[in-house]
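Peer 1: Below: one structure in structure tokens.
The values are calculated or read from the model by the stated rules, or taken from the named source; none is laboratory data. All values derive from a computational prediction rather than experimental measurement. Cβ atoms come from the backbone with ideal geometry, glycine included; neighbour counts cover every protein chain shown.
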């Protein structure tokens, strides 16, 4: 069984979801995590996961939306994790490529989500784009106040950031970017990540893998990313599926 550890099911219409979920299940995707980008989504995401036994969700504020409302209090974020279908926090982090929110606000929001992850005991899903140095620095600074679980989702950053995250006990998740022809450096990093820290995802509807590149992504396509990751690590896809599922259970403990 494969698990799509990061997708955005709210980007699909209610009419589309039944067929989309059926395709995922038929492809061997046993569970999916729908990731929040705004706290206002919480009721809808929880409602979706309550209606489908193989769906989970997170709560949080994406860096793109960090300036839409005041940075939420740590206690507010942590309190929203009480529902049994909420298994993580995020996605939060830093995006200096689009810079849709001022960087100081992104950083304040990121720190609030880290502190909520520590308070709740749930893992934080981190978005990192063109901000490797600040992501590593903030993680290291916050870790001094106590440990917290996290993963770098849709990893496409530097080996330096990967090593900094791994040193703090972080996990790393690979998306369809891993399958792109020009991603040789990323595949080299993926080959070296400790086996017990690997996850796979789609980030659907974004970043569809080869051979669907350019199309709208969906959870069933995680099989292509898993196949490439297995190949670069010299494993069978079945072994890679078993490994990443075990890692998912260890990180997202509420699903065990």
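Peer 1: Right, residue 117: modelled with pLDDT of 95 or more and over 15 Å from residue 37 (Cβ atoms) or not?
Peer 2: Yes: the conditions hold for residue 117.
Peer 1: Right, here's the next one. Can you tell me which condition residue 90 does not meet? The list is (1) more than 20 Å from residue 201 (Cα to Cα); (2) touching a strand residue (DSSP E or B) at 6+ places or on another chain (Cβ under 6 Å), and all the others hold.
Peer 2: Single failed check for residue 90: (1).
Peer 1: If you take the residues in region 132-165 that are closer than 22 Å to residue 78 by Cβ and part of a loop (DSSP other than H, G, I, E, B), which one is nearest to the chain's Cα centre (by Cα)?
Peer 2: Taking the candidates together, the pick is 153.
Peer 1: Are any residues in region 22-35 assigned to a loop (DSSP other than H, G, I, E, B) and either surrounded by 24 or more Cβ atoms within 10 Å (Cβ to Cβ) or modelled with pLDDT under 95 (or both), and if so, which ones?
Peer 2: Of everything in region 22-35, just one residue is assigned to a loop (DSSP other than H, G, I, E, B) and either surrounded by 24 or more Cβ atoms within 10 Å (Cβ to Cβ) or modelled with pLDDT under 95 (or both), namely 35.
Peer 1: Here's a check for you: in region 97-131, which residue that is within 18 Å of the chain's Cα centre (by Cα) and assigned to a loop (DSSP other than H, G, I, E, B) is farthest from residue 79 (Cα to Cα)?
Peer 2: It comes out as 130.
Peer 1: I've got another one for you. Run down 19, 82 and say which single residue is out of contact with any strand residue (DSSP E or B) (no Cβ under 8 Å at 6 or more places or on another chain), loosely packed, with under 14 Cβ neighbours inside 10 Å and in a loop (DSSP other than H, G, I, E, B).
Peer 2: Testing whether each residue is out of contact with any strand residue (DSSP E or B) (no Cβ under 8 Å at 6 or more places or on another chain), loosely packed, with under 14 Cβ neighbours inside 10 Å and in a loop (DSSP other than H, G, I, E, B) leaves just 82.
Peer 1: Tally time: how many residues in region 232-256 are farther than 16 Å from residue 6 by Cβ and surrounded by fewer than 16 Cβ atoms within 10 Å (Cβ to Cβ)?
Peer 2: 9
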